[in-house]
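Here the structure is laid out as structure tokens; the discussion comes afterwards.
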Amino acid sequence: MESPRLRRARPDEAAVITRLALRSKQRWGYSDGVRSGHGRRHFERAADVARDWGYRILEFDSDPHAETFYLHLGAERIGMKASTLIAGREFPVMR
């Protein structure tokens, strides 16, 4: 399987990426891929690219239901962040 090509997102792409993430979240059709290793490979690839670009710390917001997955990969929760899209919802901030 070929690794996905990654590049830095541009600020003008933020709204499009947000809409894509929300549409993907609504799909919930990815459960067949759970425990297949795809998520780990994608996460590791993203971490490798971040290191290649000179980043030493990878910090990200997690879906609350995915926090356990990231903890299993060695991330830690460093805080919580209020959602700007869903009132009353908070997201774990991971590192």
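Brief remarks on what is shown
- Residue-by-residue Karplus 3J(HN,Hα) for the range 81-87, coefficients 6.51, -1.76, 1.60, Hz, glycine and proline x: 9, 6, 5, 8, 10, 10, 4
- Length-normalised contact order for the chain - Cα pairs under 8 Å, 6+ apart - percent: 22 percent
- Stokes-Einstein diffusion for the chain, with the hydrodynamic radius set to the Kirkwood value over Cα pairs and evaluated at 10 °C in a medium of 1.306 mPa s, equals 106 µm²/s.
- Placing a label point 7 Å from the Cα of ARG19 along the Cα-to-Cβ direction, the residues of the range 70-89 whose backbone N falls under 19 Å from that point are 84-86.
- Among 80-86, 70-76, the order from most to least packed when residues are scored by Cβ within 10 Å on average: 70-76, 80-86
- In plain terms, the chain from SER83 to ALA50 could stretch by 9.4 nm, reckoned as 0.36 nm per residue minus the Cα-Cα distance.
Just so you know, all these numbers are worked out from the coordinates, no wet-lab data involved. Nothing here was measured: the structure is a model prediction, and the numbers come from that model. We place every Cβ from the backbone using ideal geometry, glycine too, and count neighbours over all the protein chains shown.
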